[in-house]
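Quick notes on the structure that follows.
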Amino acid sequence: MSILDIRVLGDPILREETTPVVQVTEELRTLVADMFETMYVAKGIGLAAPQVGRKERLAVIDVDEDPFVIINPEILHAEGKSKAEEGCLSIPDIYGDVERPAVVRIRAMNLDGDLFEVDADDLLARCLQHEMDHLDGKLFVDYLSVLKRRAALSKWAKNKDKYPGLIRKLSRDPTRTHEHPDEEL
Ligand SMILES: [Zn+2]
């Protein structure tokens, strides 16, 4: 398995639509395995294909030690409202409160090509929606109020120089300390 580079805010691929997967190939399985590896090294709980520079409509998720991949996911049902702080592996060190439906049911394909459904609430519901947004070129900062978004983006403008070429390089033993209590998606 390989650790992939993570694209950070400013890379146009994070704003592009993804393409539905038509067939699960060996290459796709390798991509998914590499994405899991990358997500774990980055200490994230979700990672979508555009974050590693890919156009496939898929994401990997692991909330509460229950890893799974969602391929061509769709939301079947959403209800309630919940507000909580989010971060993103593609926008390091920036956090903001995002309101989303509290409960969702999604349908997606797994690596066997079979459809499955997930009923989720709490952090898993938030994570699924955050990752599915990535597949449509949407980022959590888009949900912030004008003032909070402006503050987040100006903080990001100062951080950005740490990521030459808008690429976040990871190593297996990250020196970056994870002092923030919330997990990144
Ligand atoms: Zn994200």
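You will find that of P101, P12, the residue that is at pLDDT 95 or above and touching an Asp or Glu at 6+ places or on another chain (Cβ under 9 Å) is P101 and no other. Evaluation of K55 against the conditions (1) touching a Ser or Thr at 6+ places or on another chain (Cβ under 6 Å); (2) open to solvent by less than 20 Å² (accessible area, probe 1.4 Å) shows that the sole unmet condition is (2).
Residue-by-condition table, conditions (1) of a type in the set (D, E); (2) touching a Lys or Arg at 6+ places or on another chain (Cβ under 7 Å); (3) surrounded by fewer than 13 Cβ atoms within 10 Å (Cβ to Cβ); (4) under 23 Å from P20 (Cβ atoms):
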residue: I75; (1), (2), (3), (4): no, no, no, yes
residue: K81; (1), (2), (3), (4): no, no, yes, no
residue: A84; (1), (2), (3), (4): no, yes, no, no
residue: P92; (1), (2), (3), (4): no, yes, no, no
residue: D97; (1), (2), (3), (4): yes, yes, no, no
residue: A102; (1), (2), (3), (4): no, yes, no, no
residue: I106; (1), (2), (3), (4): no, no, no, yes
residue: M109; (1), (2), (3), (4): no, no, no, yes
residue: D114; (1), (2), (3), (4): yes, no, yes, yes
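Considering D11, D66, the condition of being of a type outside the set (A, V, I, L, M) and open to solvent by less than 50 Å² (accessible area, probe 1.4 Å) is satisfied by D11 alone. Restricting attention to segment 129-162, the residues that are away from the ligand (no atom under 15 Å from the Cβ) and either in contact with a Phe, Trp or Tyr (Cβ under 9 Å, 6 or more places away or on another chain) or within 30 Å of N72 (Cβ to Cβ) (or both) add up to 1.
Selection of segment 127-152 for residues being of a type in the set (F, W, Y), within 11 Å of the chain's Cα centre (by Cα) and surrounded by fewer than 19 Cβ atoms within 10 Å (Cβ to Cβ) yields an empty set.
Filtered by the rule that a residue be assigned to a loop (DSSP other than H, G, I, E, B) and under 15 Å from I45 (Cβ atoms), segment 79-90 gives C88, L89, S90.
Filtering segment 14-28 to residues that are open to solvent by less than 20 Å² (accessible area, probe 1.4 Å) and not in a helix (DSSP H, G or I) leaves T18, V21.
The values are calculated or read from the model by the stated rules, or taken from the named source; none is laboratory data. Everything quoted here is computed from the prediction, not taken from an experiment. Here Cβ is always computed from backbone atoms with ideal geometry, including for glycine, and neighbour counts include all displayed protein chains. For accessibility, only protein heavy atoms count, side chains too; no ligands or nucleic acids. Shrake-Rupley method; radii C 1.70, N 1.55, O 1.52, S 1.80 Å.
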